[in-house]
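Step one of this worksheet: look at the structure below.
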Amino acid sequence: MKTIIEPFRIKMVEPIKLTSREERERLIRDAHYNPILLRAEDVIIDLLTDSGTSAMSSDAWGALMRGDESYAGARSWYRFRDTVRDVFGFKQVIPTHQGRAAEHILFGVLVKPGMLVPNNTHFDTTRGNIEFVGGEAVDLPCAEAADLDSNFPFKGNMDTAALEALVNEHGPDRIPVIMVTVTNNSGGGQPVSMANIREVSRIAREAGIPFYIDACRFAENAHFIKRREDGYADKAPVEISREMFSYADGCTMSAKKDSFGNIGGFLCTNDAELAHRERNILIMTEGFPTYGGLAGRDLEAIAVGLRETLDEHYLDYRLLSTRYVVNKLKEAGVPVMSPAGGHAVYLDARRFLPHIEPLQYPGQALAVELYVEAGIRAVEIGTVMFGLDPHTGEERPARQDLLRLAIPRRVYTQSHMDYVIEAIGLVWQRRDAIAGMKITEAPQFLRHFTAHFERV
């Protein structure tokens, strides 16, 4: 069958407020032309993020009622811990309220001022947490990632030759940890191959440097490996996941992505001494080590979600749905990143709006116009997000200017996606009339969340 169907029935619905174009012009102006500052009720299709926005299953809702809210040693903690150990394979499990808290703890323990942390491509909070403690986030995407139109299957790979050169140049003492993000969110949601993970692991171990995986979309990455990499077609996603993590020394995880959680995350390692130091910070900032800033009901829901996210029928639907949108946009001539990633569709804003220079933020301009056109909220992944030098404050164009449309899990149907496709097509038709943007107010770190803009 060619028709993609959702492998679930809808049991509960939430109404969508429909707004007019005139209303949206006023609303985005009042939000200082930053879609993140919009009220959620004023958004028709919310593709800002796939983080904490997924629909939970009836089993997960049932698990909420089982939540043991004991402060220490709750049943829910042990169920959560045992599930994480089974899926990820690490002995030490440290719960946090979300992924960036896990990053904050990890880098707070490992990273000192002047140190370098290489990654295939850091996402915003990862980069921000490294820079906050005085480190430098170094992006080493593979060369194939630069060609947004090619069908190279693993554009999320790290450039392992560049990694080796970095280690040889600076030495292990300046590199406290090597990261790989699966899938590569800032690089267009592209997967990382098992071969690449294995090679990064080899380099890290020969140099005596810990290797960590940013695991928030691990199930999607595992399914890409199953579908695209030789030798994995007959393996279950959970088997592939366990192999991925077997090459690493630990991981950070936002359970708000590939476990359907509305909140939650964790930090894992096999190093008991390191875990002890991390738990000291956890107690000061998050909570006791058996809840880590989460209610018992959240721990229960995540334990269920980690199993559900590895279901092959769900993963097929998830990846095929994203591919459907990408293929329709390509047919219309819209510049979009190929091949389709898992959690999001990425428009190439620099090619969509070639008359807008990078320092006038084509991704932000496109985000504004998509909201005005159809009430769709998306986020810029480009010069607004990554364009400031953390040491000098100098602004420079990012490697790419993308507009990410992140699709919440099990929330929208194919008709919603057809609406998105139509809206992008309408903006594409009037692209020459779209103006650039300028920043009028912004904080020092993670400016894209709260920055104010004006049209140029």
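The values are calculated or read from the model by the stated rules, or taken from the named source; none is laboratory data. Source: prediction; values computed, not measured. Note that each Cβ is placed from the backbone with ideal geometry, even for glycine, and that neighbours are counted across all protein chains shown.
Quick notes
- In segment 281-295, the residues that are touching a residue at least 24 places away in the same chain (Cβ under 8 Å) and surrounded by fewer than 18 Cβ atoms within 10 Å (Cβ to Cβ) never reach a residue that is assigned to a loop (DSSP other than H, G, I, E, B) and among the β-branched types (Val, Ile, Thr) with C-beta atoms less than 8 angstrom apart, at least six apart or across chains.
- Some residue of segment 39-46 being of a type outside the set (Gly, Ala, Ser), within 30 Å of Phe132 (Cα to Cα) and not in a helix (DSSP H, G or I): yes
- Check on Thr309, β-branched (Val, Ile, Thr) and modelled with pLDDT of 95 or more: yes
- The selection criterion, being part of a helix (DSSP H, G or I), crowded, with 20+ Cβ neighbours inside 10 Å and assigned by TED's automatic domain parsing to the domain that holds Phe88, holds for Phe224.
- Gly52 being under 22 Å from Arg409 (Cβ atoms) and either part of a helix (DSSP H, G or I) or out of contact with any Phe, Trp or Tyr (no Cβ under 6 Å at 6 or more places or on another chain) (or both): yes
- Hits in segment 328-360 (condition: buried (at least 20 other Cβ atoms within 10 Å of the Cβ) and either outside the structural domain of Tyr33 (by TED's automatic domain parsing) or charged (D, E, K, R) (or both)): Asp348, Arg350
- Verdict on Gly363 being assigned to a loop (DSSP other than H, G, I, E, B), assigned by TED's automatic domain parsing to the domain that holds Val420 and under 30 Å from Asp432 (Cα atoms): no
- Across segment 82-123, the qualifying residues are those that are under 19 Å from Leu166 (Cβ atoms) and aliphatic (A, V, I, L, M), and the one among them that is surrounded by the most Cβ atoms within 10 Å (Cβ to Cβ) is Val117.
- When residues in segment 176-206 are screened for being surrounded by fewer than 24 Cβ atoms within 10 Å (Cβ to Cβ) and either outside the structural domain of Ala222 (by TED's automatic domain parsing) or farther than 16 Å from Ile225 by Cα (or both), 7 of them pass.
- Within segment 102-117, one or more residues are in contact with a strand residue (DSSP E or B) (Cβ under 6 Å, 6 or more places away or on another chain) and of a type in the set (D, E, K, R).
- The listed residues are Ser241, Ser259, and the only one of them that is part of a loop (DSSP other than H, G, I, E, B), in contact with a helix residue (DSSP H, G or I) (Cβ under 9 Å, 6 or more places away or on another chain) and of a type in the set (S, T, N, Q) turns out to be Ser259.
- Cys251 vs. criteria buried (at least 24 other Cβ atoms within 10 Å of the Cβ), within 21 Å of the chain's Cα centre (by Cα), part of a loop (DSSP other than H, G, I, E, B) and of a type outside the set (S, T, N, Q): no
- With respect to the conditions (1) buried (at least 19 other Cβ atoms within 10 Å of the Cβ); (2) under 25 Å from the mean Cα position of the chain (by Cα); (3) not acidic (Asp, Glu), Arg24 lacks only one, and its number is (2).
Here is a yes/no grid of residues against (1) out of contact with any Leu (no Cβ under 8 Å at 6 or more places or on another chain); (2) outside any loop (DSSP other than H, G, I, E, B):
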residue: Leu405; (1), (2): no, yes
residue: Arg410; (1), (2): yes, no
residue: Ser415; (1), (2): yes, yes
residue: Asp418; (1), (2): yes, yes
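- Selection from segment 430-456 of residues that are part of a strand (DSSP E or B) and surrounded by fewer than 17 Cβ atoms within 10 Å (Cβ to Cβ): Lys438, Thr440, Glu441, His452, Glu454, Arg455
- For segment 39-63, a residue qualifies if it is surrounded by fewer than 16 Cβ atoms within 10 Å (Cβ to Cβ) and either within 24 Å of Leu310 (Cα to Cα) or not assigned by TED's automatic domain parsing to the domain that holds Leu403 (or both), and the qualifying residues are Ser58, Asp59, Trp61, Gly62.
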